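Reviewing the structure listed below.
The values are calculated or read from the model by the stated rules, or taken from the named source; none is laboratory data. Just so we're clear, the structure is a prediction, and the values are computed from it rather than from any experiment. Ideal geometry is used to build each Cβ from the backbone, glycine not excepted, and the neighbour counts take in all protein chains shown. Please note that ligands, DNA and RNA were not included when accessible areas were found on the heavy atoms of the full protein model with its side chains. Shrake-Rupley method; radii C 1.70, N 1.55, O 1.52, S 1.80 Å.
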Amino acid sequence: MKKLLLFLLALTTVVVLAACTANEDAGSEEEPDDAGAEETTETEESETEAKEEESEGEEKVLRLNNGVEPTSLDPSIGFDAVSWDPLNNLMEGLTRLDQDSVAGAGVAEDWDLSEDGLTYTFHLREDANWSNGDPVVAEDFVYAWKYMLSPDTASAAAFLAYFIEGGEAFNSGEGTADDVAVTAIDEKTLEVVLEAPTGFFLDVLTNPAFFPINHKVAEANPDWHAEADSFVANGPFMLESWEHDSEMEFAKNPEYWDADTVKLDKIHWAMVNDTNTQYQMFETGDLDTATVPPELSDELLEGDNVYIGNYGGLEFFRFNITEEPFQNKKIRQAFAYAVNRQDIADFVVKNGVEPAYGFVSPGFTTPSGEDFRDGNGDLVSFDANYAKQLLEEGMAEEGYEELPPVVLSYNTSDTNKAVAETMQSMLSENLDVKVTLENQEWNVFAEAQQNLELQFSRSSFINDYSDPVNFLESFITDSYMNRTGWSNAEYDELIANGKSETDEEKRYEYLYEAEKLLAEEMVAMPIRYYNTVVLEADSIEGILRHPVGYFDLKFADKN
C-alpha cells in the first residue's frame, strides 16, 4: 500500500442523495457502485493515441471514472457524490479538508469567532481568484448561500444552512433573503451569524453546497454551470471540456491561489457505469483507479494495489408508513429482524464492508474518546424467531389474515439488484412473506421516493459533514431527506438539542437517544456501512480520500 495515500474515500459510483449522504442525498444520497449511465468503451486505436499524446506532451493526466454524468455542477443542486467529486476539485469554499481530514483554511485564510460562539468573521485571501481572472469576493458567498436557501431554487442542500440565522425562515417562505445573516463587510471580509453555537460549523462549510458562485457571471448567465465554455472555477482545476454523459476533462487552474501545490496537468473523467468494464479499463491502463467488482473481491483484496478504509455512509431501506402494511411498527420491525446483514456484507456486497446494526456509521469520536457506534451499541440484529413473533403481533393489531402485497424498489445497479434479491429470499424464508422487486432508473426512482410513491425502497446516505447528527437529522418532520411519512415531536426535539447543546457530553446523549428512538420506530432499516475499496495504479500518489468528506485531487501526482 502506498504510505502517501492518507485517506480513503470510496471511488464507487454513487449517486448519492442528500443527508445525506451523502443523494440519499445528503445528506446525500449516494449511489454506490453503479448508477445510471450507459456502458462506454474505447477502441484500442484511440486508447493508444491518447497514451502517445500524453507521453509526447509529458503532461500528467490522471484518468478517473465518475461512473455517470454529474447531476449538476451547480453547487446548490449537485448534492450527491457523482457531483461532489468533480465539484470539490473545480471549486473551493471558505474551508477545505486538509491532509489530516480536518477543516482548514480554504478561500478564507483565517477567521475570528465571537465570545458567544455565534458570529464568524472570515477573511478571504487577496490572491483567491476565479478561473476567468475575477477576484473571489465576499459577495460571491452571500449570493451563493442565499441562492441555495431561496425557495425558488429548491436545493436539497438548503437544510445545511439552517445553522445560519434566518436561513430556515427564508427557505421555508416565512422570511426573506435580507433576514439571512450573511454579510459582505467588504470585498474580502464575510460575516456569518449562527442561530446557536455550532462547534462543527467549519466542517459543515467544507460541503460543496457552500462553495461560492461568481455572482457577476451567474447574474449574466444563470446556466453558467451547464457547459465547459461558461463554467468558472475557483479551485485547483478548471473545466476544460465536457461531453455530456460521456466524459469531462479538467485542467490545472492557473488562477488558483495555491496553484504551485497542484502537480497534475489534467484530469480525464470517464463515465462508465459497469464495474467490470471500468475494471478492464484499469487493467489496460485506461483508468488509473477503479472499484473492485464484487465477484473479484476475494481475488483482488489481497493485492498490492488495493486500499481499504472507513467511509462515512450507510445503505438502508425506507418504509413508507403512509402505505399498508408499514403503518404498523411491529411489521416494520419484523422485516428488519428477518434480514441477515452479515451474510449480505460477506457474500453479496463483499469488498470488506461491515454490516450495520445501527444508523450512525463508525468513525465519530465521542467526548469520552470512544466511537459513537460502540457507545450506542447494536440497535437491531438478525433474529428470525423474534421477527416471526413481531409479524404475528403486528398483523393481529391490524386485523390482517394475510399481509398486503409488498413491493421492494431499488435504483438500477448490479449490486443493488443482488442485495434486493437476497433480501427478498430472506424475507420469504424467515417470514414466509412474498416480496415483489421493482427497479427504476435513478432519476425516476429518486423522484418517486421523495413523493412517497414507493412502499419499501433502497436508500443510501453519505455524510455531508463530520458529526453524527448529520444522518439522524434526515428523519425530522418535513425534512427533504425523510421520505417515509414519519413525524415524531420527541425525535425532532432530540435532534434540535443535538445540534444546539454546547455541553458536548449532553449533546451526545441527545444523539444517542435519538438513534435509539429511530431504531425503535424502525421507519428505516440499516443494512451495511460503506467503506473505501480502491484499486490504484503504482504511478499514482497523494489522492486524499477522507473518511468523511470529499474526494480531493489537489495533492495528487502521477509519476
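Rank these by accessible area, largest first, 1.4 Å probe: S361, S101.
Correct descending sequence by accessible area is S101, S361.
Would you kindly find the accessible area of L94, with a 1.4 Å probe and non-protein molecules such as ligands, DNA and RNA excluded, rounding to the nearest 10 Å²?
0 Å²
How much accessible area per residue does the chain have, in Å², with a 1.4 Å probe?
Per residue, the chain has an accessible area of 38 Å².
Could you give the size of the charge dipole of the chain about its Cα centre, using +1 on the Cβ of each K and R and -1 on the Cβ of each D and E, expressed in debye and rounded to the nearest 20?
Charge dipole, the chain, about its Cα centre: 1140 debye, nearest 20.
Restricting attention to the stretch 233-319, which GluC sites (Glu not before Pro) occupy a DSSP loop and are surrounded by at most 11 other Cβ atoms within 10 Å?
E302
Taking 8 Å as the Cα distance limit and 6 or more residues as the minimum spacing, I'd like the relative contact order of the stretch 353-405 as a percentage.
24 percent
How high is the FRET efficiency from N132 to D245, r the C-beta distance, R0 30 Å, rounded to 0.05?
It comes to 0.70.
Sorted by accessible area with a 1.4 angstrom probe, largest first, how do H215, H123 fall?
Sorted by accessible area, descending: H123, H215.
Write out the GluC sites (Glu not before Pro) in the stretch 53-112 meeting two conditions: DSSP loop, and at most 14 other Cβ atoms within 10 Å of their Cβ.
Passing both the DSSP loop test and the Cβ count: E58, E59.
Leaving out ligands, DNA and RNA, what percent of the accessible area of the stretch 90-204 is carbon and sulfur, probe 1.4 Å?
Within the stretch 90-204, the accessible surface is 43 percent carbon and sulfur.
Working only with C-alpha atoms, what are the Rg and Dmax values of the chain, expressed in angstrom?
That works out to 23.0, 75 Å for Rg and Dmax.
Using the Cα atoms as the points, what is the convex hull volume per residue of the stretch 268-418 in Å³?
172 Å³
Once each part is reduced to its C-alpha centroid, what is the distance from the stretch 350-418 to the stretch 247-297 in angstrom?
Each part's Cα centre sits 34 Å from the other's.
Rank these residues by their accessible area, most exposed first, probe 1.4 Å: L301, L264.
L301, L264
Identify, among V136, T291, S539, the residue whose Cα sits farthest towards the positive end of the charge dipole of the chain, taking +1 on the Cβ of Lys and Arg and -1 on the Cβ of Asp and Glu, with the dipole about the Cα centre.
T291
So how much accessible area does V349 have, in Å² to the nearest 10, using a 1.4 Å probe?
For V349, solvent-accessible area is about 10 Å².
Give me the percent of the accessible area of the stretch 373-459 that comes from carbon and sulfur atoms, probe 1.4 Å, all protein chains in place.
Looking at the stretch 373-459 in its full context, I get 41 percent from C and S.
Going highest first, how would you order 536-548, 367-379 by mean Cβ packing within 10 Å?
536-548, 367-379
What is the magnitude of the charge dipole of the stretch 207-246 about its Cα centre, with +1 placed on the Cβ of each Lys and Arg, -1 on the Cβ of each Asp and Glu, and no other charges, expressed in debye to the nearest 20?
Rounded to the nearest 20 debye, it is 280 debye.
At a Förster radius of 25 Å, what calculated FRET efficiency corresponds to the Cβ-Cβ distance of D383 and N439, to the nearest 0.05?
Approximately 0.30, to the nearest 0.05.
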